[in-house]
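Read-outs: derived from the displayed coordinates by stated rules, not from any lab. Everything numeric here is computed off the predicted structure, so don't read it as measured data. So basically every Cβ, Gly included, is an ideal-geometry build from the backbone, and we count neighbours across all protein chains shown.
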Amino acid sequence: MKILILRFSSIGDIVLTTPLLRSIKNQKPEIEIHYLLKKKYKEILQLNPNISKLYSFSSSIKEVTVELKKENYDLIIDLHHNLRTLILKTILKKPSNSFPKLNFYKWLLVRFKINKLPNIHIIDRYFSTLRTLNIFPDNKECEYFLHDFTDEVKNILSENYIAVSIGAQFFTKQIPIDKLKEIIQLLPQYNFILLGDKNDFQKGENLISELNSQYLINLCGKTSLNSSVHVLQKAKVLLTGDSGLMHIATCFKVPIVSLWGNTVPDFGMSPYYPNNQNLSSIFEVKNLSCRPCSKIGFKACPKKHFSCMMKQDTNKIAEQIKKYVEKN
């Protein structure tokens with residue numbers, strides 16, 4: 001049997017599909033797994049041994065439709081479930097399974113603050129697509145496969161440090177620089193490594209400049225994603241917003257302190273630690289009438305006050321980070 005899995009983006013969402021890949025291979029090793037995603041995310045799955053063939057496209061699915069039709073798949077597992085995957089499934093004309101996105105219930109929560117969402121992680125919703133194959137969750141964490149350390153980062157991996165993900169896809173999911181500054185100042189005895197892409201570089205430089213600290217290293221935009229993952233893998237703790245690196249941290253059982261802004265864990269995208277919930281500490285400002293304001297995020301706070309982040313209790317956050325470091 002040959003199946004095609006569809007999940008085009010983004011970092012965290014793709015990482016969250018890896019328990020399915022492992023479970024398929026462990027429970028039905030005869031199944032050949034092919035996977036389609038956007039080219040810029042290809043390195044996330046490049047070394048995953050559970051995938052037989054990895055397809056990617058830059059901007060249009062037309063780039064790969066001819067090749068995919070030749071594969072003559074037995075089943076398509078749609079873990080993106082949008083218009084583009086619908087078009088592709090129509091072209092391929094093969095049986096398909098998709099998962100419940102619960103968009104109506106998310107809309108109710110965002111628009112009217114009525115929470116009817118089931119208490120179920122998105123990974124478990126992903127697994128609903130495999131029921132017809134009699135494949136079930138193994139209750140283990142996500143996976144990320146790496147080569148050996150690169151020259152970009154190996155010189156700093158001997159140090160004890162806290163990793164900080166200062167970026168996220170949207171501004172309203174990012175930890176404000178003032179809050180980062182407060183947290184770092186409360187933990188003067190620790191080294192911090194800032195992780196993010198080139199868009200986060202200046203934010204990292206500003207933070208270092210304001211703190212005038214020798215205990216801060218800014219790697220934003222200076223390394224590949226895989227090199228950043230090497231850094232994350234060896235961190236004592238990850239401090240993060242609702243970001244892709246948050247989900248990658250679970251692959252290595254790194255303790256996570258996550259600050260939630262405009263999004264909420266109720267959407268089903270919290271750190272996936274099915275057997276190690278003590279490795280995740282979630283901080284959110286409860287009882288805000290405007291939160292959640294989006295299921296994804298915004299470039300700026302619609303209300304201008306950004307209270308969901310600006311009212312975070314940095315003393316409690318710093319204390320939790322300290323507890324994790326001392327235990328780890």
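Roughly how tilted is helix 103-112, in degrees to the nearest 10 and between 0 and 90, from the longest Cα axis of the chain? Once rounded, the angle reads 30 degrees.
If you model the chain as an ellipsoid using its alpha carbon gyration tensor, with each semi-axis the square root of five times an eigenvalue, the axes come out at 34, 23, 18 Å, biggest first.
Is segment 156-247 rounded, prolate or oblate when judged by the Cα gyration tensor, a ≥ b ≥ c being the square roots of its eigenvalues, rounded requiring a/c under 1.5 and prolate requiring a/b larger than b/c? Cα axes put segment 156-247 in the rounded bin.
Among residues other than Asn72 with Cβ under 11 Å from its Cβ, the summed charge is +3 (Lys and Arg +1, Asp and Glu -1).
Among the trypsin sites (Lys or Arg not before Pro) found in segment 58-106, those both in a DSSP coil and sparsely packed, with 12 or fewer other Cβ atoms within 10 Å of their Cβ, are Lys93. Greater than 23 Å separation of Cα atoms is the criterion. Which listed pairs, Lys2/Lys93; Lys2/Lys89; Lys2/Lys42; Lys42/Lys179, meet it? Too far apart for the 23 Å limit: Lys42/Lys179. Is the shape of segment 184-328 best called rounded, prolate or oblate, per the rule: a/c under 1.5 gives rounded, else a/b larger than b/c gives prolate, else oblate, with a ≥ b ≥ c the square roots of the Cα gyration tensor eigenvalues? Because its axes are fairly even, with a/c under 1.5, segment 184-328 counts as rounded. On a 0 to 90 degree scale, rounded to 10, what angle separates helix 18-27 from the longest Cα axis of the chain? Compared with the principal axis, the helix lies near 50 degrees.
Under a 5 Å amide H cut-off, with hydrogens placed 1.01 Å from N, Ile175 pairs with Gly241 among residues at least 5 apart or on other chains.
Under 25 Å Cα to Cα from Lys113, which lysines show up? Leave out anything in the same chain fewer than 8 places away. Straight-line reach from Lys113, under 25 Å: Lys101, Lys173, Lys286, Lys295, Lys299, Lys303, Lys304, Lys311. Classify segment 2-133 from the C-alpha gyration tensor, please: rounded if a/c falls under 1.5, else prolate or oblate depending on whether a/b exceeds b/c. Because a/c hits 1.5 or more and a/b exceeds b/c, segment 2-133 counts as prolate.
In segment 255-321, which trypsin sites (Lys or Arg not before Pro) are in a loop and have at most 15 other Cβ atoms within 10 Å, using DSSP for the loop call? Provide the component values of the computation, followed by the final result.
On the way: sites: Lys286, Lys295, Lys299, Lys303, Lys304, Lys311, Lys316; in loops: Lys286, Lys295, Lys299, Lys303, Lys304, Lys311.
Here the trypsin sites (Lys or Arg not before Pro) that fit, given the DSSP loop and packing criteria, are Lys286, Lys299, Lys303, Lys304, Lys311.
Given a cut-off of under 8 Å on Cα pairs at least six residues apart, what relative contact order in percent is computed for the chain?
After rounding, I find 18 percent.
Here the Karplus curve 6.51 cos²θ - 1.76 cosθ + 1.60, taken at θ = phi - 60°, turns the phi angles of segment 49-55 into couplings of x, 7, 9, 7, 8, 10, 9 Hz, with x standing for Gly and Pro. Would you mind pulling out the separation of the Cα centroids of segment 116-149 and segment 50-104, in Å? With segment 116-149 and segment 50-104 each reduced to a Cα centre, they are spaced 18 Å. For segment 4-36 versus segment 264-299, the inter-centroid distance based on Cα atoms is 24 Å.
Size estimate for segment 100-172 follows the Kirkwood approach: the inverse of mean 1/r over distinct Cα pairs works out to 17.1 Å. Charges were assigned to the Cβ only: +1 to each Lys and Arg, -1 to each Asp and Glu. The resulting dipole of segment 27-170 about its Cα centre is roughly 1080 debye. May I ask for the angle, rounded to the nearest 10°, between helix 201-211 and the longest principal axis of the chain, with both axes built from Cα atoms and the value confined to 0 to 90°? Compared with the principal axis, the helix lies near 20 degrees.
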